1. Return the residues of region 78-96 that are surrounded by fewer than 17 Cβ atoms within 10 Å (Cβ to Cβ) and not in a helix (DSSP H, G or I); say none if nothing qualifies.
2. Does region 73-131 hold any residues that are among the charged types (D, E, K, R), in contact with a strand residue (DSSP E or B) (Cβ under 9 Å, 6 or more places away or on another chain) and under 19 Å from residue 13 (Cβ atoms), and which are they?
3. Select from region 119-137 the residues that are within 13 Å of the chain's Cα centre (by Cα) and in a loop (DSSP other than H, G, I, E, B) and list them in ascending order.
4. Scan 101, 31, 52 and give me the residue that is outside any helix (DSSP H, G or I) and under 17 Å from the mean Cα position of the chain (by Cα).
5. Among 72, 64, which is the only one that is under 18 Å from residue 131 (Cβ atoms), without any contact (Cβ under 8 Å) to a residue 60 or more places away in the chain and touching a Gly at 6+ places or on another chain (Cβ under 9 Å)?
6. Out of everything in region 142-189 that is more than 16 Å from the chain's Cα centre (by Cα) and acidic (Asp, Glu), what residue ends up being nearest to residue 60 (Cα to Cα)?
7. Loosely packed, with under 15 Cβ neighbours inside 10 Å, in contact with a helix residue (DSSP H, G or I) (Cβ under 9 Å, 6 or more places away or on another chain), modelled with pLDDT of 95 or more and at negative phi: which single residue out of 75, 71 fits that description?
8. Tell me the residue from 158, 135 that is surrounded by fewer than 18 Cβ atoms within 10 Å (Cβ to Cβ), within 25 Å of residue 44 (Cα to Cα), of a type in the set (A, V, I, L, M) and without any contact (Cβ under 8 Å) to a residue 40 or more places away in the chain, please.
Amino acid sequence: MPFAVKKRRYTYQDYLTWPEDERWELIDGEAYCMSPSPKTRHQRILWNLSRAIDNQREALKGCVPYIAPTDVVFDEFNVVQPDLFVVCSKKKITEENIQGAPDLVIEITSPATELKDRREKKALYERFGVKEYIIVFPEREYLERYLLKSKRYSAPEIFNWDEVLKIKTFRMELKLWEVFEKQLPEENDKEYRKI
């Protein structure tokens, strides 16, 4: 279960000294433990999302997708490891980490991380200019999408497992029933094929 440790404000330099076999994130200097590791459902959804995005790589137009654990360093007090993200600026990509805001971030919640994903991380991504933020809820089989407009996130758009998500940043479509590994009823499947 993620938790903030101590009342001290930590920096990226502190973070680099912590044990490599532990996963941590820093948000406004507070340290959040990412242990234990994600459940199998979380990892299946992550796999399906990354595969779906990779299958439409031409839509990325040179942008690079990454999956956790890869450090995204916003500044010395804010370092996170999003589940999946895409970076378009080659200047942000270093051998060690990503320096600055990705263009797209997808977080897959668990009961232990949902509040942080919806509150602290949403505020962080908005503040640093992540264009599109998607939160996936595996237990309830839906997701929320936030789009940055005038430096603020819009109200969330909600997509159920049986819908198609059009990622605005890259003009790609994700069939959410494939992401959630669900079977569409036959009539919906035919209707989708007509589109």
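The values are calculated or read from the model by the stated rules, or taken from the named source; none is laboratory data. The structure displayed is predicted, hence computed values, not measured ones. Note that we place each Cβ from the backbone using ideal geometry, even for glycine, and neighbour counts take in every protein chain shown.
1. Initially, region 78-96 is screened for residues surrounded by fewer than 17 Cβ atoms within 10 Å (Cβ to Cβ), giving 89-91, 93-96.
Answer for region 78-96, where residues must be surrounded by fewer than 17 Cβ atoms within 10 Å (Cβ to Cβ) and not in a helix (DSSP H, G or I): 89, 93, 94, 95, 96.
2. First, the residues of region 73-131 that are among the charged types (D, E, K, R): 75-76, 83, 90-92, 95-96, 103, 107, 114, 116-122, 126-127, 131.
Those still in the list that are in contact with a strand residue (DSSP E or B) (Cβ under 9 Å, 6 or more places away or on another chain) too: 76, 83, 90-92, 96, 103, 107, 114, 116-118, 120-122, 126-127, 131.
Once the filter is applied, which keeps residues that are among the charged types (D, E, K, R), in contact with a strand residue (DSSP E or B) (Cβ under 9 Å, 6 or more places away or on another chain) and under 19 Å from residue 13 (Cβ atoms), region 73-131 yields 76, 96.
3. Within region 119-137, 130, 131 meet the criteria.
4. Working: 31 fails: under 17 Å from the mean Cα position of the chain (by Cα); 52 fails: outside any helix (DSSP H, G or I).
Unique residue meeting the criteria: 101.
5. Numbers: 64 fails: touching a Gly at 6+ places or on another chain (Cβ under 9 Å).
The unique qualifying residue is 72.
6. Looking at the filtered set, the residue picked out is 173.
7. Details: 71 fails: loosely packed, with under 15 Cβ neighbours inside 10 Å.
Result: 75 is the single residue among 75, 71 that is loosely packed, with under 15 Cβ neighbours inside 10 Å, in contact with a helix residue (DSSP H, G or I) (Cβ under 9 Å, 6 or more places away or on another chain), modelled with pLDDT of 95 or more and at negative phi.
8. Details: 135 fails: surrounded by fewer than 18 Cβ atoms within 10 Å (Cβ to Cβ).
Exactly one of 158, 135 is surrounded by fewer than 18 Cβ atoms within 10 Å (Cβ to Cβ), within 25 Å of residue 44 (Cα to Cα), of a type in the set (A, V, I, L, M) and without any contact (Cβ under 8 Å) to a residue 40 or more places away in the chain, namely 158.
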